[in-house]
Every structure is written in structure tokens, then in C-alpha cells.
Amino acid sequence: MGKVKFNFSAGPAVLPEAVLKEAAQAVVDCGGTGLSILCMSHRGGTYEALHMEALANLRDLLRVPDDFAILLLQGGATQQFSQVAMNLAQGKPADYTLTGQWAEGAFKEAGKVAAVRVAADSRKVQPARVPLASEIKVGADAAYLHITTNETVDGIQWTSLPDSPVPLVADMSSDIMSRDIPWNRFSLVYAGAQKNLGPAGVTVVIVRKDVAEKAPSALPAMLRYQTHVEKDSLHNTPPCFSIYVLALVTRWVKAQGGVAVLEQRNRAKAAKLYAAIDGSGFYRGTADKAYRSIMNVTYRLPNEDLEKTFVKEAEAAGLSGLKGHRVVGGLRASIYNAMPESGVDALIQFMKDFQGRHS
Ligand SMILES: *Cc1c(COP(=O)(O)O)cnc(C)c1O
């Protein structure tokens, strides 16, 4: 077997090593039951306990109040782009902030099932940032204001929430579980698991119960949040393995000391990496310094040939997944919760060596 690499992939992304080892064991024999986690009934006691543990741990770690339901769904964050509008627009227009690749995706899909409006558009601003307060116009008649808290491709993050006369809906796919969520500002939060929570295949949706209840009853059952609220996300066969690993990840987060501890660690990791970029005179960050992502660090080299060489040599040195998104190019180091500080240190050392050899 080759050496295990530091994985900087944007998603599916790095998971804690202890979680991977435990999950590997459970694929053969889950908790001494003699059954694989892949082959047991979702109506049996072993699975149900894990399912309920994942829900309870999420509620605990994210401090989700009782008037919100936590759902474990399929279809990824991409399914949520339209499902949110189907359930929450309820005949009203919905306002969107366009901050990058993912916000744009959410806006386009929602527009197929509801009347959508642009509250702000910062997509063309260079260096990349979220809209300033003065640039955001939200209608008081809107059903909600949609934001993408962390633009995974563009490497920017809302550092504080926008003012809004209506509740927020947020795509938190790439920064959920990395900071506290002020629930009084939200009616819904969603996140594909494969960045900060677990493997692909499960999507966490946290929705205010009174809002979910009011969704059109004509919606197909699978698309109506209320179906899943009433059944604890066991209406049909859930993605059992993904939810099992999610339960393990939430256990791991608890063992680390919770979200606040991870946030501190993440800030320290990001600060180190950005300092290495800024101080190099060689690497150049692409995001506005005030809105830089703590999760996805995007940067460039003096030319594209060097970027290609960088990605190749980094891979050979055990640093994987550093190529930027195909749409924007450049480099991207995703340093989610499960990326240890030693991985960031190894990347910084490699960057210094590479600069020495190529500048
Ligand atoms: C990865 C990502 C998505 C897409 O998630 P899927 O699970 O692939 O549908 C959407 N939004 C953000 C912010 C993401 O990072």
C-alpha cells in the first residue's frame, strides 16, 4: 500500500482517520452484530440507534432549537436548490444573493419553480467578495433571502450575516459545523455532507417546523419536507451508510470539544496558510482579504504552466486535490474540519520548496 496522502479535495473531502477505520470495520461487521452496515434493515434496532444518534448529535453540536426539524435527505445540495423554493416560496417571490458558482446554481434552479429576484450580485467583483451591506436590496414581501455562506469554488465566505427584513435560507454545504449558527435569523439551512460532515449521499436540511408545515400539500411526498419531519427521515430507505458515517463524524466532533474548538483550529490553519501566500511574493490569493474563506483557500501562481507543475509535484509529494475548480482555475486548498494542522504545515513547506525551485 502507498502512503496515505493529505487530502485537500474540495469534496468529497477529507474525513478523520479514526472514522475511516471504524467505518471500514463496520462494512464487514457493524458493532459485533455479525452484519455489515451495508446490509442491514433500516427498520432494525442497530441502524435506528445510529440514525437517531446522528440526529441527536447534530442537534447538540449545532445547538439547533426545538422549533427546527433536522432532516437527512438525498439528492445533494443541488436537489435543495429547487426543493427549498418548492416548499418555502409559498406563492411569494424569493430573493437571492449571487456571490459565486454555487449561489448562481441555487438561483437558477429555484427560478424554475418560483419567482426569484436578485438581491445583490457580486459575482464579477475582483478580488472576489460577498456583497457589501449597501449593495443588498431585499424586498419585505420576499419569502426568504438565500445566501451561500461559503463559496467553495471562489474561496469567499460571509463573515457576518446580511441584514434582511425576511428570514434567511442558507446553503452551508462547505462550512456547516465550522461555526455557530444564529438560528433566530434562519428559516432553513442545508448542506451536502461530503465537505464537512461525512461522505456523499446524505444532505442535512434543518428547517423551522412551522415553515415546513405550510408547504403546498400537492408536492410529491419525497419533495415535501413535512413528510420527512413526521417520519424522522425514515419515510423510505435512507442512505444508511452515509448516515452511519455522519454519526461517526459527529462523535468525532464531540470528542474534539465541539464546534467552537474546531472553529478556533480552522482559523489558525487558514491564518497560517494565507500568511504563507501573502508573504511569498510568488503566490497570490484570489479573494478579498476581508472575505476570505476559512475552508477553501484559493490562490494563483505567476502562470498556468507553473500551476500545472505545482499540482503534479504536490501530488507526488503526498499533497492531493490542490487543483482549483475547472471553471476558475488556479489552486485551491480545502482545509475542512478533518484536515489536521500537520497537513497545512506540510503544504506550506512544499510551497516554500516549490518557490525556491521555480522562481
Ligand atoms: C459542493 C457544493 C454544492 C453541491 O453539492 P452536491 O451535494 O454535489 O449537490 C452546493 N453548494 C455548495 C456551497 C457546495 O460546496
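The values are calculated or read from the model by the stated rules, or taken from the named source; none is laboratory data. Since the model is a prediction, treat every value here as computed from it, not as a measurement. Don't worry about glycine lacking a Cβ; one is built from the backbone with ideal geometry, like all the others, and counts go over all protein chains shown. Note: areas computed on protein heavy atoms with side chains; ligands, DNA, RNA excluded. Shrake-Rupley method; radii C 1.70, N 1.55, O 1.52, S 1.80 Å.
When 358, 325 are compared by accessible surface with a 1.4 Å probe, the order from highest to lowest is 358, 325. Using only the Cα atoms of the range 258-358, each taken as one equal point scatterer with no solvent, compute I(q) by the Debye sum, divide by I(0), and report log10 of the ratio at q = 0.20, 0.21, 0.22 Å⁻¹. So the normalised log intensities work out to -1.02, -1.13, -1.24.
Other residues with beta-carbon under 13 Å from the beta-carbon of residue 115 carry, at +1 per Lys or Arg and -1 per Asp or Glu, a net charge of +1.
Each Lys or Arg adds one and each Asp or Glu subtracts one; over the other residues with Cβ under 12 Å from the Cβ of residue 159, this totals +3.
If you take all other residues with their beta carbon under 12 Å from the beta carbon of residue 268, and give Lys and Arg +1 and Asp and Glu -1, the sum is +1. The range 169-245 and the range 1-65 have Cα centres separated by 18 Å.
Under a 10 Å cutoff between Cα atoms, tell me which one of 38, 248, 331 has the largest fluctuation in the Gaussian network model of the chain. Highest fluctuation among the options: 38.
Share of carbon and sulfur in the accessible area of the range 129-260 stands at 53%, probe radius 1.4 Å. For the range 258-358, the tally of Lys pairs with Cα-Cα distances below 16 Å comes to 6, considering only residues 8 or more apart or on different chains.
Mind checking which of 84, 169, 118 has the largest fluctuation in a GNM of the chain, springs on alpha carbons under 10 Å? For the chain, modelled as a Gaussian network with Cα springs under 10 Å, the answer is 118. Beta bridges from DSSP with both residues in the chain: antiparallel share about 55 percent, rounded to the nearest 5.
Considering only protein heavy atoms, what per residue accessible area in square angstrom results for the range 230-359 with a 1.4 angstrom probe?
Spelled out: the 1.4 Å probe surface of the range 230-359, per residue, equals 43 Å².
Here, the chain has an Rg and a Dmax of 20.7, 63 Å when only alpha carbons are counted. Comparing 324, 91, 11 in a Gaussian network model of the chain, where Cα atoms under 10 Å apart are tied by springs, the biggest mean-square fluctuation is seen for 91. Spin-label pair residue 222-residue 29: with each label point 7 Å from Cα along the Cα-Cβ axis, the two points sit 3.6 nm from one another. Averaged per residue, the range 110-182 has 39 square angstrom of accessible surface, using a 1.4 angstrom probe with ligands and nucleic acids left out.
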